[in-house]
Amino acid sequence: MTVSSFFIALCGLGWIIAYVEALRLGFRDKTYGIPFITLALNFTWEIYYTYQGYLEFGSHVSTYVNCVWVLIDVGILYTYFKYGHQEVRTSKTTFYVQAGALVLFCMIVQHLAFLQLGVIHGALYVGYLINFLMSFLFIRMYFRRPKLQGQSLWIAIPKCIGTFSTTILFGMIGSKTAGGVHEPILYIGLIIFATDLVYITLLMRRKKQLKLAKIQ
């Protein structure tokens with residue numbers, strides 16, 4: 001296994017753990033574990049770049065990882081469509097139409113980014129911008145929900161580790177496939193890492209508070 005494959009596999013494993021936990025908590029807590037805007041962007045990114053990546057590179061480790069992500073994301077999307085309407089003030093019909101329209105819009109965004117940046121840079125930079133947004137929306141979710149519904153350290157920590165692994169690869173070590181070192185990825189990745197650490201700290205604090213409240 002090459003250095004590049006190792007970091008990509010580590011990223012893939014981290015996100016798979018986070019996704020599986022989000023899926024599990026979604027059914028347990030009757031909610032969704034990934035903020036929907038980033039869920040829609042992630043889902044369409046995975047479908048689009050799984051297909052484009054296969055056309056470009058064939059059977060590559062990133063293609064297999066993307067396929068697994070897509071399958072798990074289908075389940076997470078199901079939890080959003082099943083339980084998400086409980087957190088909005090619109091009718092179910094409006095909720096479903098808006099959610100479906102957003103998924104379609106996100107697919108168009110992926111296509112436009114691909115046309116402008118190509119398969120490698122499109123996947124890399126769009127993926128990191130989605131990740132950047134997700135980190136902040138996780139903190140927003142934390143403050144919007146009084147307890148830890150749909151939230152867990154098993155989502156936050158693997159996401160943090162998985163993203164940081166590719167930040168090291170693309171932002172510091174460099175990858176031939178990606179065209180060397182990408183300094184913007186390093187800076188974006190460090191912001192994501194810092195934000196994820198804040199979110200992890202908040203989750204740990206709330207877990208402690210809930211545990212103390214239970215004892216009392």
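FYI, it's all coordinate maths here, none of it is from the lab. Quick caveat: nothing in here was measured; it's all calculated off a predicted structure. Cβ coordinates were reconstructed from backbone atoms using ideal geometry, including for glycine residues, and neighbour counts include every protein chain displayed.
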> Mean residue ellipticity at 222 nm from the helices of the chain, using -39,500 (n - 2.57) per DSSP H segment of n ≥ 4 over the full residue count, to the nearest 500 deg cm²/dmol?
Replying inline: -29000 deg cm²/dmol
> Taking Cα atoms of the chain, Rg/Rh with Kirkwood Rh, to two decimals?
Replying inline: 0.98
> Of the cross-linked pairs 82/176; 30/159; 82/211; 30/211; 82/207; 92/208, which ones have a Cα-Cα span greater than 32 Å in the structure shown?
Replying inline: 82/176; 92/208
> For the stretch 1-94, with equal point scatterers placed on the C-alpha atoms only and solvent neglected, what are the log10 I(q)/I(0) values from the Debye formula at q = 0.18, 0.24, 0.25 1/Å, to two decimals?
Replying inline: -0.82, -1.19, -1.24
> Assuming R0 = 45 Å, what is the FRET efficiency of residue 145 and residue 64, from their Cβ-Cβ distance, to the nearest 0.05?
Replying inline: 0.85
> Just 73, 196, 29 to compare: in a GNM of the chain, with alpha carbon springs under 10 Å, which one fluctuates most?
Replying inline: 29
>> With +1 on the Cβ of every Lys and Arg and -1 on the Cβ of every Asp and Glu, and nothing else charged, how large is the dipole of the chain about its Cα centre, in debye rounded to the nearest 20?
In response: 1260 debye
> Mind listing which trypsin sites (Lys or Arg not before Pro) in the stretch 58-155 are in a DSSP loop and have 13 or fewer other Cβ atoms within 10 Å?
Replying inline: 89, 147
>> For a Förster distance of 22 Å, can you work out the FRET efficiency between the beta-carbons of residue 96 and residue 28, rounded to the nearest 0.05?
In response: 0.45
> Mean Kyte-Doolittle of at least -1.0 and a Cα length of 27 Å or more along the axis: which whole DSSP H helices of the chain meet both?
Replying inline: 3-29, 36-57, 61-83, 92-144, 183-215
